[in-house]
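Quick one: this structure, given as structure tokens, is what I'll be asking you about.
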Amino acid sequence: MSEQNVMEIQVVENVKKINDEVADLNRASLNRHGVLCVNLMGSPGCGKTTLLEDTLKKLSGAMTVGVLTGDLATTRDARRLAHYTDQVAQINTGRACHLEANQIRKGFDLLDLAALDLLIIENVGNLICPVSWDLGQHARVGMFSVTEGDDKPAKHPYIVLASDLVLLNKVDLLPYVTFDSDRFYADLRSIRDDLEVIQTSAISGEGLDKWVSWIRSLRDI
Ligand SMILES: Nc1nc2c(ncn2[C@@H]2O[C@H](COP(=O)(O)OP(=O)(O)OP(=O)(O)O)[C@@H](O)[C@H]2O)c(=O)[nH]1
Ligand SMILES: [Mg+2]
């Protein structure tokens, strides 16, 4: 291995170490303000923002919810969510495929943490990169959808390993797509047999109450 390669590996390791330190600072700030933080991760278009729109509607009046939403290039998700909360900010990552802890720290300045009960981070649509970057969240949620294919847990085991809950979204489309639920669950169980899975649909509303109850139960931990 050349000297240059060794240097490159060290740089990446240092960046990850700094990220983890900032993530710990984020967690401390959240704890100081009594804010529960959930990091929602899933592929592009699996339905993250739609789920958050429904979540904000369901939690309206019960919890004050803020959202930091990550996207490469647009403010569209933040604009959608701004219909339901004024505690929302968009983080544009440029070419980066995930959010990092320092971006969340800067995002805190755009929100009133003291006013929040819950902060949800919508990570950049990607099943791989977000998994490796601690943001200071208390829980990670991995989201799949039936239109992506039943092989995604097997092909992306690290999001399964890192998640505290998995959502399987767009189940209203099951009659119309080729998706073998048995295979999906067998693969997922072979990676983590203890992991809770909630099937959700923005169209039928299936699973949304369960999802909201899961969030509420986190506050009791
Ligand atoms: N049939 C069906 N469509 C859904 C469901 N949830 C979301 N969609 C649709 O899927 C598309 C993508 O939804 P978004 O919520 O924007 O997905 P996202 O994961 O936030 O996408 P990115 O932020 O680009 O990664 C939209 O056309 C939604 O209307 C669902 O449960 N069922
Ligand atoms: Mg989105």
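GLY136 fails exactly one of the following numbered conditions: (1) at negative phi; (2) crowded, with 16+ Cβ neighbours inside 10 Å; (3) more than 16 Å from ligand 2 (Cβ to nearest atom). What is the number of that condition?
Exception for GLY136: condition (1).
Just checking, which of ASP182, ASP150, ASP112, ASP172 is under 21 Å from LEU59 (Cβ atoms), of a type in the set (D, E, K, R) and modelled with pLDDT of 95 or more?
Within the list ASP182, ASP150, ASP112, ASP172, the selection yields ASP112.
Is it the case that some residue within region 42-58 is within 16 Å of ligand 2 (Cβ to nearest atom), assigned to a strand (DSSP E or B), touching a residue at least 24 places away in the same chain (Cβ under 8 Å) and within 18 Å of the chain's Cα centre (by Cα)?
For region 42-58, residues within 16 Å of ligand 2 (Cβ to nearest atom), assigned to a strand (DSSP E or B), touching a residue at least 24 places away in the same chain (Cβ under 8 Å) and within 18 Å of the chain's Cα centre (by Cα): present.
More than 13 Å from ligand 1 (Cβ to nearest atom), touching an Asp or Glu at 6+ places or on another chain (Cβ under 6 Å) and either at pLDDT 95 or above or on the phi > 0 side of the Ramachandran plot (or both) - does that describe any residue in region 43-53?
Scanning region 43-53 turns up no residue that is more than 13 Å from ligand 1 (Cβ to nearest atom), touching an Asp or Glu at 6+ places or on another chain (Cβ under 6 Å) and either at pLDDT 95 or above or on the phi > 0 side of the Ramachandran plot (or both).
Residues to consider are ASP209, ASP172, ASP194, ASP180; find the one that is closer than 16 Å to ARG140 by Cα and out of contact with any strand residue (DSSP E or B) (no Cβ under 6 Å at 6 or more places or on another chain).
From the options ASP209, ASP172, ASP194, ASP180, the qualifying one is ASP194.
List the residue pairs whose Cβ atoms are under 7 Å apart, where the first residue sits in region 77-93 and is over 13 Å from VAL65 (Cβ atoms) and within 12 Å of ligand 2 (Cβ to nearest atom), the second is in a helix (DSSP H, G or I) and at pLDDT below 95, and the two are 6 or more positions apart or on different chains.
Once the first residue is over 13 Å from VAL65 (Cβ atoms) and within 12 Å of ligand 2 (Cβ to nearest atom) and sits in region 77-93, no partner that is in a helix (DSSP H, G or I) and at pLDDT below 95 comes close enough.
Sort out which residues of region 83-96 are surrounded by 16 or more Cβ atoms within 10 Å (Cβ to Cβ) and either in contact with a helix residue (DSSP H, G or I) (Cβ under 6 Å, 6 or more places away or on another chain) or modelled with pLDDT of 95 or more (or both), and write them in order of number.
Listed by number, the residues that qualify are TYR84, THR85, GLN87, VAL88, ALA89, GLN90, ILE91.
Here is a follow-up. Here are ASP150, ASP182, ASP187: which of them is outside any loop (DSSP other than H, G, I, E, B), charged (D, E, K, R) and touching a residue at least 24 places away in the same chain (Cβ under 8 Å)?
ASP187
Residue under question is THR147, and the condition is that it be within 16 Å of ligand 2 (Cβ to nearest atom) and surrounded by fewer than 18 Cβ atoms within 10 Å (Cβ to Cβ); does it hold?
Here the answer is yes, as THR147 does meet what is asked.
When region 68-82 is examined, which residues are found to be closer than 23 Å to GLU206 by Cα and more than 9 Å from ligand 1 (Cβ to nearest atom)?
Once the filter is applied, which keeps residues that are closer than 23 Å to GLU206 by Cα and more than 9 Å from ligand 1 (Cβ to nearest atom), region 68-82 yields only LEU81.
If you don't mind, there's one more thing I want to ask. Please specify each residue of region 130-141 satisfying the condition of being away from ligand 1 (no atom under 13 Å from the Cβ) and either closer than 13 Å to LYS152 by Cβ or not aromatic (Phe, Trp, Tyr) (or both).
VAL131, SER132, ASP134, LEU135, GLY136, GLN137, HIS138, ALA139, ARG140
Tell me which of these LYS48 doesn't satisfy, since it passes every other one: (1) more than 16 Å from LYS106 (Cβ to Cβ); (2) surrounded by fewer than 18 Cβ atoms within 10 Å (Cβ to Cβ).
Here LYS48 meets the rest and fails (2).
Something else about it: If I ask for residues that are within 16 Å of ligand 1 (Cβ to nearest atom), surrounded by fewer than 23 Cβ atoms within 10 Å (Cβ to Cβ) and in contact (Cβ under 8 Å) with a residue 60 or more places away in the chain, which ones from region 108-125 would you list?
GLY125
Further question: Against the definition (closer than 22 Å to LYS57 by Cα, out of contact with any Pro (no Cβ under 8 Å at 6 or more places or on another chain) and loosely packed, with under 15 Cβ neighbours inside 10 Å), how does ILE203 come out, yes or no?
Yes; evaluated as a whole, the condition is true for this residue.
The values are calculated or read from the model by the stated rules, or taken from the named source; none is laboratory data. These numbers were taken from a predicted model, which means no experiment stands behind them. As a convention, Cβ positions derive from the backbone with ideal geometry for all residues, glycine included, and neighbour counts pool all protein chains shown.
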